[in-house]
Amino acid sequence: MRNMLWELRYALRQLRKSPGFTIAVVLTLALGVGATTAIFSAVYGLLLKSLPFEDAGRIVAVASTHAQVVGSIEATFLDYEDWRAQQRSFTELAAYTTRNPDTVSMRLDGNSEQVHRVLASGNFFSLLGVRARLGRTFTEQDDQPGHDAVVVLSGAAWQRYFGSDPGVLGRALDLNGASYTVVGVLPAGAAYPAEGEVWLPLSQIDGPTRASRVWHSVKVLGRLRPGVDLAAARADMETIAARLQAAYPATNRGENVQIIPLRDQLVGTLRPAILSLLGAVVLVLMIACVNVASLLLVRASAQRREVAVRQALGADRGRIFKQFLAQTLVLCLLGGVLGTVLAAVTLPLLRVALSHTAGLDGSMIDSVGLSWPVLLFALAVCIVTAVIFGLLPMVRGVAAAGEAAMMDALKPGDRGSTGGHRWSRGALIAGEIAIAVVVLFLGALVMRSYAKLLAVDPGFHTDRLLSAEIWLPQPKYSDSSANTTQFYEGLIDRLSNAPGVEGIATTTQTPLKPSQVMTRFLVEGAPALAPGAFPLAQMRFVSPGFFQTMGLRLVDGRVFTRQDVDQGVGEFVVNEAFAKRYLAGQPAVGRKVLIGVMTPQPVHWPVIGVVTDAHDLGVDSEAQPELYMPGYGLHAVVMIRAKAGSEGQDVQSMIATLRGAVHELDAGQPIYNAQAVNEVLSDSLARQRMTAVLLGIFAGVALVLAAIGIYGVLSYSVAQRTREIGVRMAVGAGRGDVLRLVLRQVGVFAMAGLAIGLCGAIGSARLMRGLLFQTSTLDAASVSIALGGLAVVAALAVSLPAWRAASVNPTEALRSE
């Protein structure tokens, strides 16, 4: 231990003598380690860290799939009950839903707050292994009608609305005009889903939904039995799905079951992006390490005389190895500490980016940060870097110092340059360029993909547009009742006359999000279909003026009027995607569409108009067939467009105007989720934007590090060959000859690096295919950017050392030796 401390002190003294070398190595490592640590923090927090549930690795999400629907969907309540009764793979299945409604009005001290509501089965919390912080969670008895007037609060809601008062247990809570008794408070961080604030028993689902195999209303969780893996559970549930298809072909034809780990459901579509970023940042770390190896190899070559002298005086190789290792460890640890500080500074920005990513559960974001596993990872990176990329060049330098090499090194004028070292440094240049090509190509590919996403027209104008949600409470209001219609028509009238308002309308879902309501239908006159084979379409209720407010252009026919709503006339406006797919070749207006096709008496409604498409599932998805109907429900998304110009109000100022109009109609009615639609569009692209920005940053860092590495290696090579260059020029070589000599030395390795890197880049891009939008993995522009960018950087890095070599004065070069 004492010897090691002496070696470390000696290493610090040696490094202080070479401040430029020390700073270059430490900063290079700090960039690589900092970026890698930051991204690994996200990988650990999102993909590796234990979830706050008991034995969370055995909890899975069980969902329905449908042949006509992309991705998974909720299960029907009756399907859930059949799954629960017939399955053999789970200790238990539990169900929950955040729909109809996802929020409720909570009255406290005369004020109303709109809070997020979750309906959960009696065994929901026991399946998760969550125990109450205060009181208790649900039991099976709570899920029985007559015993279900109970509520469980999240820890956050308990603090926000009740000031962490332990006396909240037993308190009567007014939710949508009904009274519930608070029986429990959840511990902090254990809320599932994360946005939930109040949990009510699943028996609160309305009767028609409970009795339907059409309305997909509940999400299902399962806990795998010991010894049962995902494949076995999937086979079991697919067998049950096949039975249900056979038993209920009218509703279950084409339906199957999907099982994924709970973590995958929480992370959503972010896993491929995070893993791609990790791969890219590891490549950046490798470039940094190659740079460090180059610098250390240069230092080892320069110290050959010193090593030879010490060996001549009796120092053994083990002692010299220890000193080299001590220096390398000091450098790597200093770089690691500075890199960890850099990661700590950038992690808040990364969490902000993740918080806007659609599909990522909010509970996962707080887990992204520095922790002991992350710090141990950073330490391991530093140690491995020290051993592999630091010690091996030193080993090469010491191993070369045999008796003959020692005598050579002790000769006057020796600078330690050897042909073998030139090849080693050339190989490092080739490797550095190859890795940089991969990072730059991937960055260019993802950025071009993101640029194409930004260029997609969402189908409506997002500027100056505000959306806000309202959920009218029962029993004061009811769906399609006169007082509900009166409320929304009164709201539209007030806002239409408000200063700065250009347009006002309501719909059932925020733009760029699925309607959450799909309907089976049949076009009148179409061939008869087998039970369960009816096509599906998104369905939205909208107010008159919706299409004008959104900027959806009328293609044919007409749009809804207030008279259509007041008279309760059944009719459709369809989008162009619907007309092209189901009414192709015939006039759309006047055709009748049958809905309620699963009932004995389907309803025939005419199509009165066709409007342009809106990308309601996101700009990265094709516009889907949609049916628009006139009317209002308890839940509405209010769309307000502000006037343009200096006289128009800012979109955000519309919130106060909307809140004032709502309170004039119903003083206790809150609004929630008020946001500019531009922000909704931005959030829908947050994952792609984060991936593109970070990969772009990594590509820039890779370029800078590659330029520094090439410049450093070549500068040292020119300095070591000064005498050789002087001799060449003394015997007649011109500056052009010397310039070509230096460029040829680098050019061979650079071309090899570009070729190897391009092959690696194309292979790596195939792994990222799922992250790309309308962009080929062989995108010619991205290839040009990668190769051209590296070629330019390499040329700039080479130019100064090459010019310096060509400017050598042969007389001074020979005299200096």
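The values are calculated or read from the model by the stated rules, or taken from the named source; none is laboratory data. Everything numeric here is computed off the predicted structure, so don't read it as measured data. As a convention, Cβ positions derive from the backbone with ideal geometry for all residues, glycine included, and neighbour counts pool all protein chains shown. Surface accessibility is based on the protein's heavy atoms, side chains included, excluding ligands, DNA and RNA. Shrake-Rupley method; radii C 1.70, N 1.55, O 1.52, S 1.80 Å.
Taking the protein heavy atoms of region 514-583 in the context of the full set of protein chains, the accessible area attributed to carbon and sulfur is 55 percent at 1.4 Å.
Find the accessible area per residue for region 425-472; the probe is 1.4 Å, ligands and nucleic acids are left out, and the unit is Å². Could the numbers behind the result be given before it?
Values: 1250 Å² over 48 residues.
With the other protein chains kept in place, region 425-472 gives 26 Å² per residue.
Placing +1 on each Lys and Arg Cβ and -1 on each Asp and Glu Cβ, with no other charges, gives region 593-680 a dipole about its Cα centre of roughly 260 debye.
Think of region 152-286 as having a plus end and a minus end, set by charges on the Cβ of Lys, Arg, Asp and Glu; of Q265, G177, L230, L230 sits farthest toward the positive end of this dipole. Each residue of region 361-377 was assigned a 3J(HN,Hα) from its phi angle through the Karplus curve 6.51 cos²θ - 1.76 cosθ + 1.60 (θ = phi - 60°); the sequence is 5, x, 5, 7, 5, 5, 7, 8, x, 6, 8, 4, x, 5, 5, 5, 4 Hz, with glycine and proline shown as x.
How large is the accessible surface per residue of region 229-287, computed with a 1.4 Å probe and reported in Å² as a whole number? Numbers along the way, then the final one.
Values: 2350 Å² over 59 residues.
It amounts to 40 Å² per residue over region 229-287.
Normalised per residue, the accessible area of region 498-574 is 40 Å², obtained with a 1.4 Å probe and no contribution from ligands, DNA or RNA.
Taking K and R as +1 and D and E as -1, what net charge do the other residues with C-beta under 15 Å from the C-beta of T777 add up to? Present the calculation step by step, with values, prior to reporting the outcome.
Working: positive: R448, K452, R766, R769; negative: D779.
The answer is +3.
In a simple Cβ point-charge model (Lys, Arg +1; Asp, Glu -1; nothing else charged), region 555-642 has a dipole of about 240 debye relative to its Cα centre. Here region 101-256 exposes an accessible surface that is 50 percent carbon and sulfur, computed with a 1.4 Å probe and the other protein chains kept in place.
For the peptides 325-334, 617-626, the ranking by mean Cβ contacts within 10 Å, running from highest to lowest, is 325-334, 617-626.
Peptides 52-59, 40-47 ordered by packing proxy, namely the average of other Cβ atoms within 10 Å per residue, highest first: 40-47, 52-59.
If the only charges are +1 at each Lys and Arg Cβ and -1 at each Asp and Glu Cβ, what is the size of the charge dipole of region 75-121 around the Cα centre, to the nearest 20 debye?
Values: 5 positive and 7 negative charges, 6 e Å.
The calculation lands at about 20 debye.
For W605, the accessible area of its heavy atoms, probed at 1.4 Å with every protein chain present, is near 60 square angstrom.
Here the accessible area is traced with a 1.4 Å probe on the protein chains. For region 662-703, carbon and sulfur cover 55 percent of it. Between V593 and E524, W605, V607, the built amide H atoms are under 5 Å apart, and every one of these is 5 or more places off in sequence or on another chain.
3J(HN,Hα) along region 329-337, derived from phi through the Karplus expression 6.51 cos²θ - 1.76 cosθ + 1.60 where θ = phi - 60°, amounts to 4, 4, 4, 5, 5, 4, x, x, 4 Hz, with x in place of Gly and Pro. Counting heavy atoms of the protein chains alone, K592 has an accessible area of about 80 Å² for a 1.4 Å probe. Residue by residue, region 690-699 carries 3J(HN,Hα) couplings of 4, 4, 5, 5, 5, 5, x, 5, 4, 5 Hz when phi is fed to the Karplus relation 6.51 cos²θ - 1.76 cosθ + 1.60 (θ = phi - 60°); x denotes Gly or Pro.
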